[in-house]
Amino acid sequence: MLKMRGLLRRLLPQKIKFRLFFGFVLVILIPLFILQLYYYRQTEDLIVNKISEQFGAQLNIMKTDYNDTVKAMFLHLVQLEKEPAVMEALQAGDNNSPSDNARQIREVLEKMRNRNLSQSRFLYVSVADVTGSQYDSFDVPQGERLPDWNAKAIRELENSKESYRWLSADRNDLPVGLSESAHMLTLTGSLKEQGKLVGVVRIRFDYEAWMKGIAKDFPVQQNYYLADEAGNLLAQTEKMSGMSSEVGRKLLQSPDQQLLSYIDERYSMLYNSITLTPQKWQIIGEFPLRFYFGDLKLLERRMVITFLLLTVAFIGLTLFVSSTITRPLHQLKKKMENMVKMRLKTFLPETNYRGEILALAQSFNQMVTDTNLLVHQLKQEERQKEAVRFQMLLAQMKPHFLLNTLNTLKWHAIDREDKVTSEICIQLGKLLETSLNAEVELIHLKEEIELINAYLYIQNVRFDHLFDFRYEYEEKLQYVLVPKLSLQPLVENAIVHGFARMSRGGLIVVRIYEQHDSVVVEVQDNGQGLQEAERVRQKRVRKGIGLTNVKERLELLFKKNAELQLMELEEGALVRLRFPMLMSVPYSKGGDHHVETDHR
């Protein structure tokens, strides 16, 4: 990788004017040429696709009409077998005159032709009885005699289990004038009465005349071919045209597809092909693309000439622009090197430059000014951080010293068997240890209640059991996360302000319950109430910070999703906290190892 980068550096020009030149070539000229070539190819493909789509639609029309004609051949066979007049004429034989039999059958054939006129115009129907008499749907010219086909057909159908047979590319034996096609598609079928053969039917389809007739009605003319499944040509609309065997093989490579396309680049021909059933023949459409692509080739030559002219213009413009930029930039480079040596204390002379170079010099001078200002601010902030850090370290020493002193008092009281004093030290030590743990902001409700109990024990000793207290909460809420030391200030507020003028009978109720997706904590007392407590508070020299501290911590932790309310009661006051429900059941108690926002 490093060798490759070094090689690229050596190959790329070093001077900016040559870089600009190669940049114009690589970023503008070459992409422009590729884009124009791409659009040309896209236009060419679009034209081919549109032509292919249009001629594909024509091939689908031909396929549909071909299938309808083949169905009409089957329909003729079925209708003739179900027609009583035909079966009667075939069974009559010599009992009726031939003219009567011919008239009776011709009337039926004429009715069938009128019902299916669009499909029957290229069909020739012949009916023969077992005696060899033949009746045709067309008039035989005078002096013409049809070959004897009925005897052969009767023998083949009598010895076969099949009721009909297809003969692809049957030789045309119609009289001259009825059809000029060399071959036809023939359907030979048997006519039976109660399982006995009474006659045969021969239905011939002149597919060459059909293909010429339907192609003549299309809005865009092209040459069409009809090929069998081996690729041999059966018919074509233009006698003078021809299709190479290679094209036929290309179109037969995927015979299962509905529509195939192939472009012969040598002769600029587009071929579309569609498969016919049941013979698996193919109709192939041929279209000369040179009629359309002649203008495209001219457009391609013009595009190349335009690109060469743009290249010459870009070269001259690049050299001119680079010379007007590189000279002042070289002077600017020397000035900047000198400023680095002066440690950003020297500014660029703005009077020597104009235009974009002047704007660059002004921006650089502003950058130097802003950088010096930022460096000065960073130094001041660093000194302030050091001072705050020193004060924090100093503040941590006081609680530790107090905790160590409490431990000394505790053991001193234990040695003197003073259980009340030792218990007070133990409970106060719990409160101090919790306040010293700055890494945890949220603790379990169970742990917060233990801290309240420690605080209440101390206060009950202090006020000689002035008040009672109780808790009201469900067992499942003991692992709800609450802000650390958030309930203790509320209890302290009730004792200090609520029971200030009481000697006995105080009651504090701590109530915790779930409401929607939040936890509600209420601390209720039966003290003197908010108004009286406010008058007493105003006379105090030192203002309380407990409730204010709790409110600010709730805002920091939960933003606007938490609130603190003070409410006056008929007897006493109530403080209510509301914050989002966060459940954290320990893994050992059946909970997950992470905090769940959904407690259910």
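The values are calculated or read from the model by the stated rules, or taken from the named source; none is laboratory data. In this text the structure is predicted, and so the values were computed from the model without any measurement. Using ideal geometry, Cβ is built from the backbone for each residue, glycine included, and neighbour counts are taken over all protein chains shown. What goes into the accessible areas is simple: the full protein's heavy atoms, side chains included, and nothing from ligands, DNA or RNA. Shrake-Rupley method; radii C 1.70, N 1.55, O 1.52, S 1.80 Å.
Points to keep in mind about this one:
- Amide proton proximity set for Gly199, modelled H, under 5 Å, gap of 5+: Leu191
- Backbone N within the range 32-57 under 19 Å of label point (7 Å from Asp217 Cα along the Cβ vector): 54-57
- For Ser503, the accessible surface of its heavy atoms amounts to roughly 90 Å² (probe 1.4 Å, protein chains only, rounded to the nearest 10).
- Residue-normalised accessible area of the range 143-215, expressed per residue, 1.4 Å probe, Å²: 52
- The Rg/Rh ratio of the range 57-108, with both radii computed over alpha carbons and Rh defined as the Kirkwood radius, is 1.26.
- Residues in the range 359-364 carry Karplus couplings, in order, of 4, 5, 5, 5, 5, 5 Hz; the curve used is 6.51 cos²θ - 1.76 cosθ + 1.60 with θ = phi - 60°, and Gly or Pro positions show x.
- Ile263 accessible area, assembled protein chains, probe 1.4 Å, Å²: 60
- Ranked by solvent-accessible area (1.4 Å probe, protein heavy atoms only, all chains present), the residues Leu157, Leu37 order from largest to smallest as Leu37, Leu157.
- Extension gain (nm, one decimal) between Tyr40 and Lys385, 0.36 nm per residue minus Cα-Cα: 117.5 nm
- Shape of the range 30-139 from the C-alpha gyration tensor: prolate (a/c of 1.5 or more and a/b above b/c, with a ≥ b ≥ c the square roots of its eigenvalues).
- Accessible surface comparison of Ser126, Ser518, Ser99, probe 1.4 Å, protein chains only, largest first: the order is Ser99, Ser518, Ser126.
- Förster-model FRET efficiency, 60 Å R0, Lys82 and Arg266, C-beta, rounded to 0.05: 0.65
- For the peptides 162-170, 522-530, 64-72, the ranking by mean Cβ contacts within 10 Å, running from highest to lowest, is 522-530, 64-72, 162-170.
- Extension reserve of the Asn159-Leu442 stretch, reckoned as 0.36 nm per residue once the Cα distance is removed: 91.9 nm
- Relative protection proxy for 273-282, 76-85, 479-488, from highest mean packing down: 479-488, 273-282, 76-85 (other beta-carbon atoms within 10 angstrom).
- The range 29-122, accessible surface, carbon-and-sulfur percent (1.4 angstrom probe): 54
- Highest-first packing order for the peptide set 188-197, 104-113 is 104-113, 188-197, based on the mean count of other beta carbon atoms within 10 Å.
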